[in-house]
Amino acid sequence: MRRTRAILTVVTAGAVAAGGFLALSPAADAATTLGSAAAAKSRYFGTAVAAYKLGDATYAGILDREFTMVTAENEMKWDATEPTQNSFSYTSADTIVARARANGQRVRGHALAWHSQQPGWAQSLSGSALRSAMVNHITKVATHYRGQIYAWDVVNEAFADGSSGARRDSNLQQTGNDWIEVAFRTARAADPDAKLCYNDYNTDGVNAKSTAVYNMVKDFLARGVPIDCVGFQSHFNPASPLPADYQANLQRFADLGVEVQITELDIAGSGSAQADSYARVVRACLAVTRCAGITVWGIRDSDSWRASDTPLLFDGNGNPKAAYTSVLTAFGASGDPSASASASVSVSPSVSVSPSGGTAGCAATLSTNAWTGGFVTTVTVRAGAAPLTGWRVAVTLPTGAAVTNSWSSTASGSTGAVTFSNVNYNGSVAAGGSTSFGFQGTGSAPSGTPTCTAS
């Protein structure tokens, strides 16, 4: 799932785009696509998909042409699949799965148990009641998709950041230290054939957090707890770049006997520096025999949860970037992806953006990914003619909506009028430049005009 790797955790999501629909064969140009290049090396190459974007012709065309693995961005999470206790809703997730299978693409399930994006009713539970609800949820969802999922992120982000190597203090952790083990055993019983993964961020290099995960996996394997794979989210930016020991870290997990998967890759930047980092990730995966494949978290830069960082392989118009070519080259392939796409596709992107009041030297815009009962909003802060040394953005939430967490910002309040202030690494913005932050919430998404104030 998506993160500002420097400090806080958040849910993966991206900007909104809409348009027409175009179906293209995933094998349209078998020699020059990401999926075919990876397949030639016995790997998959996947992407995260939002059901509401499938009507965008460019989005759908790239999806069908380039990728061999699909992950639902939000549609399989707890709040989306069980909005009311023991009442399950699979419509959006089923749409993604059916489309992928019809196009010959496999599916990663994301995610069965996570401290975030829980429905309100689950957030109100604790102890044995929450444990029973978790077991029931995993059983029902994994059973529904039995035989259709390549791998499940059974548990997502259960370890804390920092140097402690401790578990995250979540409501699930408070049900007992065995909750992760129970989740994996439950998932195996519900779908014996799916690979079962633990997934986390800030575990890309050898550090306290990744070592804690390593020790858990080693313990699970020794005691017969079913775990088949470990997912590395790999969200890289200047504050948290691709670590020098990335390959070595993947290898030490693989040496335990589990599959390693790069599950949510995105790399902030542009040009040759970004292209080189993408190539290094591919080469690391190729060097580790048990690295099954790579999933990028979104298709175009405009689809990313961190769109202002331009972190993906295609620009906002769907054109391949230098990083795209570097990935193909690293896999040992090359080519012009436009040769396999329709040259006459017409796209009318409709990004959900509200203009800012633009007071005191800065402006802010919103882009939101919403689903029934929840939303993720990304806010872009742009400096005016003078540089910023700090900023505050005020957002008014609809009645009944509440912020549950935020990243790259400090939130003041959680309902009604909420103010977000910069943190230490994104307060300075060059004249005409921009930075971004985001927040997750329950209820209806904000749609009003945010106000930005330089501080």
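The values are calculated or read from the model by the stated rules, or taken from the named source; none is laboratory data. These numbers come from a predicted model, not from an experiment. Positions of Cβ are backbone-derived with ideal geometry, glycine not excepted, and every protein chain shown enters the neighbour counts. Just the protein is used for accessible areas: all its heavy atoms, side chains included, with ligands, DNA and RNA removed. Shrake-Rupley method; radii C 1.70, N 1.55, O 1.52, S 1.80 Å.
Only one of the numbered conditions (1) of a type in the set (A, V, I, L, M, F, W, C); (2) touching an Asp or Glu at 6+ places or on another chain (Cβ under 7 Å); (3) not in a loop (DSSP other than H, G, I, E, B) is violated by V327, and that is (2).
Can you run down the residue pairs with Cβ atoms below 6 Å, 6 or more apart or on separate chains, where the first is in region 193-211 and open to solvent by less than 10 Å² (accessible area, probe 1.4 Å) and the partner is modelled with pLDDT under 95 and outside any loop (DSSP other than H, G, I, E, B)? Sorted first by the residue in region 193-211, then by its partner, the pairs are Y201/R3. Restricting attention to region 53-78, the residues that are touching a helix residue (DSSP H, G or I) at 6+ places or on another chain (Cβ under 8 Å), open to solvent by 10 Å² or more (accessible area, probe 1.4 Å) and farther than 21 Å from D153 by Cβ add up to 2. Within region 104-158, can you find the residues that are farther than 26 Å from T68 by Cβ, part of a loop (DSSP other than H, G, I, E, B) and touching a strand residue (DSSP E or B) at 6+ places or on another chain (Cβ under 7 Å)? Scanning region 104-158 gives S116, Q117, A158. Checking each residue in region 263-293 for being in contact with a Gly (Cβ under 8 Å, 6 or more places away or on another chain) and among the hydrophobic types (A, V, I, L, M, F, W, C) picks out only C285.
Of all strands (runs of 3 or more DSSP E) completely enclosed by region 384-455, which ones contain at least 3 residues that are touching a residue at least 12 places away in the same chain (Cβ under 8 Å) and either open to solvent by less than 20 Å² (accessible area, probe 1.4 Å) or farther than 13 Å from G361 by Cβ (or both)? Break it down into steps so the answer makes sense when it comes.
Details: elements: 391-396, 402-407, 410-412, 417-421, 434-442, 451-454.
Strands (runs of 3 or more DSSP E) meeting the threshold: 391-396, 402-407, 417-421, 434-442.
Restricting the search to region 268-313, which residues are farther than 22 Å from K41 by Cβ, in contact with a Leu (Cβ under 7 Å, 6 or more places away or on another chain) and assigned to a loop (DSSP other than H, G, I, E, B)? Answer for region 268-313, where residues must be farther than 22 Å from K41 by Cβ, in contact with a Leu (Cβ under 7 Å, 6 or more places away or on another chain) and assigned to a loop (DSSP other than H, G, I, E, B): G298, S304.
With respect to the conditions (1) free of Cβ contacts under 8 Å to residues at least 24 places away in the same chain; (2) part of a helix (DSSP H, G or I); (3) not basic (K, R), Q174 lacks only one, and its number is (1).
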